[in-house]
Amino acid sequence: MIGKLKGLVDSFGDDFVLIDCGGVCYEAFCSSRTLQALPRVGESAVVFIETIVREDMIRLYGFSSEGEKGWFNLLMTVQGVGARVALSILSALSPAELSSAIALQDKAMVGRANGVGPKLAVRLVTELKGKVPSGPGIDAGTLGLQAALGEGVAPSAITDAVSALTNLGYSSAQASAALARIVAREGDGIKTETLIRMGLRELSS
């Protein structure tokens, strides 16, 4: 079983990369985010791999982080989500954005991905609520605050700031993620007006 590839980028396709490992090129299918994050042809790269074996094929799926790989596997536990749809979701949303959308039950955010209709978006946020992939890159504090927002039990200053930021055009997942990062740095005693200003700076940086 292949867990990670270290080698040189040989070439790119529309939805895959070829990694040259000592003269043997491995084809790994990736989200568009991972493809964009990889270095140029001829440069060294590290790709985390999930190997899927079926009767008629063996296919490698590549990820820029263990967090993205974890979400890929978790997404495929939902009925109607195969590898192609999982990669489409990870192309539309970063692992952090996906965590936020599920914690906040933001069906519209998840529905941005190609191949995810309204019914599947509902199923995703419902079945994955409270679940996160294990491994590095998962911020339990941030997810806890986002879950509190989703349950309606977060401090009023934070919920008011999220509401203000969403009225300015940001999604609830983007707004809550930005405010969660601020609270993690500064503490939770910040007034609503200050949170809004800090949130705008965080979202524009």
Residues satisfying the stated conditions in the stretch 156-170, i.e. among the hydroxyl-bearing types (Ser, Thr, Tyr) and more than 17 Å from Ser100 (Cα to Cα): Ser156
Subset of the stretch 1-33 [among the β-branched types (Val, Ile, Thr) and at pLDDT below 95]: Ile2
Evaluation of Leu74 against (1) at pLDDT below 90; (2) open to solvent by 20 Å² or more (accessible area, probe 1.4 Å) (one fails), failing number: (1)
Residues (in contact with a helix residue (DSSP H, G or I) (Cβ under 8 Å, 6 or more places away or on another chain) and of a type in the set (Val, Ile, Thr)) located in the stretch 153-195: Ile158, Thr159, Val162, Thr166, Ile182, Val183, Ile190, Thr192
Scan of the stretch 172-200 for residues that are over 30 Å from Gly111 (Cα atoms) and without any contact (Cβ under 8 Å) to a residue 12 or more places away in the chain, ordered by number: Arg185, Gly187, Gly189, Glu193, Thr194
Considering residues of the stretch 152-205 that are modelled with pLDDT under 80, within 20 Å of Pro95 (Cα to Cα) and hydroxyl-bearing (Ser, Thr, Tyr) only, the residue surrounded by the fewest Cβ atoms within 10 Å (Cβ to Cβ): Ser205
Count of the stretch 3-54 residues which are open to solvent by 70 Å² or more (accessible area, probe 1.4 Å), closer than 17 Å to Gly67 by Cβ and polar (S, T, N, Q): 1
Residues of the stretch 17-43 classified as farther than 19 Å from Asn73 by Cβ, assigned to a strand (DSSP E or B), within 24 Å of the chain's Cα centre (by Cα) and not aliphatic (A, V, I, L, M), total: 1
When residues of the stretch 70-92 are limited to those that are under 11 Å from the mean Cα position of the chain (by Cα) and in contact (Cβ under 8 Å) with a residue 60 or more places away in the chain, the one nearest to Ala37 (Cα to Cα): Ser91
Residues of the stretch 93-108 classified as open to solvent by 10 Å² or more (accessible area, probe 1.4 Å) and either among the polar types (S, T, N, Q) or free of Cβ contacts under 8 Å to residues at least 60 places away in the same chain (or both), total: 5
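The values are calculated or read from the model by the stated rules, or taken from the named source; none is laboratory data. As the structure is a computational prediction, the values presented were derived from the model and not from experiment. A quick note on method: Cβ atoms are made from the backbone with ideal geometry, for glycine too, and the neighbour counts reach across all protein chains shown. These area figures cover heavy atoms from the full protein model, side chains too; ligands, DNA and RNA do not enter into them. Shrake-Rupley method; radii C 1.70, N 1.55, O 1.52, S 1.80 Å.
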